[in-house]
Each structure stands twice: as structure tokens, then as C-alpha cells.
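This report refers to the structure that appears directly beneath it.
The values are calculated or read from the model by the stated rules, or taken from the named source; none is laboratory data. Just so we're clear, the structure is a prediction, and the values are computed from it rather than from any experiment. Because the Cβ atoms are built from the backbone with ideal geometry, glycine has one as well, and the counts that use them run over all protein chains shown. Calculation scope for accessible area: heavy atoms of the full protein, side chains included, ligands and nucleic acids excluded. Shrake-Rupley method; radii C 1.70, N 1.55, O 1.52, S 1.80 Å.
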Amino acid sequence: MFGISGTEFVVLAVLTFFVIGPERMPEYVRQIKELIKTVRRMAFDARDEFKDTLGDATLNEINWRQYDPRQYDPRVIVREAFAEDDAERAREAKERSEVNKPAASNLNRLPRGAYAPYDTEAT
């Protein structure tokens, strides 16, 4: 526990006994006992409140991977945002080209070497 071996724990207990003194030891032991009870009660209350908040869902039914902060890499988020912007711009450009496209019925392909007829009366 806490990286302390059995002999180290005994040495710490003996040192604590001599530092605190035998007349105040029962009072400190009682305080530590009450502290442990309080912390334990708070832990159980927090667990029960957590279960009440979840409702019928058990802890095993929750997809904990979606709450993993490691999946939110800022580089990926920025890259995806730029990709969405590029896709949106391409879609808008395609829509603009569709709107500005001349009607196919008005287009007549001239034979090779032929010139487009000009209205000579207007000049």
C-alpha cells in the first residue's frame, strides 16, 4: 500500500506513537476512524447517486469509447473542417456551373474551318 513494506509501516507506526504520545493516541485514532467512515459514506453516496442518474442503464451498456478524449485530436478536427469546406466549395462551384450553362438547344457546332455568321446590317 502506497509503496510501503511491512517493516516500513511498523517503523512509521512506532515513530507516530512516540511523536503523538500515548495520552493523545486514542483521540487521533478516533478522528482517523471517523474520517475513514465519512470518506467511505461519501464514496457510497456518490456511487448511488451516479446509479440513480444513469437510471436503468448499467455501466456495461455505456459506450465509454465515445467519451475518450484521445479521439479528439485537434489536427484531425481541423483537417476534417477544411475537407468539409473544400467539399462545400466544390458543390457550390458545380451548382454555379449548372446554372450558368447555356441551353444545349441553342448550341450549333460549326464545321471545321467555317466562320460564325455575323450580322452585317447592324454596322
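Summary of values
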{"quantity": "Cα-based reach from Lys94 at 17 Å (exclusive), listing aspartates and glutamates while leaving out same-chain residues under 8 positions away", "calculated": "Glu84, Asp85, Asp86"}
{"quantity": "Accessible surface of the stretch 8-99 [probe 1.4 Å, protein heavy atoms]: carbon and sulfur percent", "calculated": "60 percent"}
{"quantity": "Whole-Å semi-axes of the stretch 8-99's equivalent ellipsoid (Cα gyration tensor)", "calculated": "62, 21, 10"}
{"quantity": "Val19 versus Tyr115: modelled label distance in nm, points set 7 Å from Cα along the beta carbon direction", "calculated": "10.8 nm"}
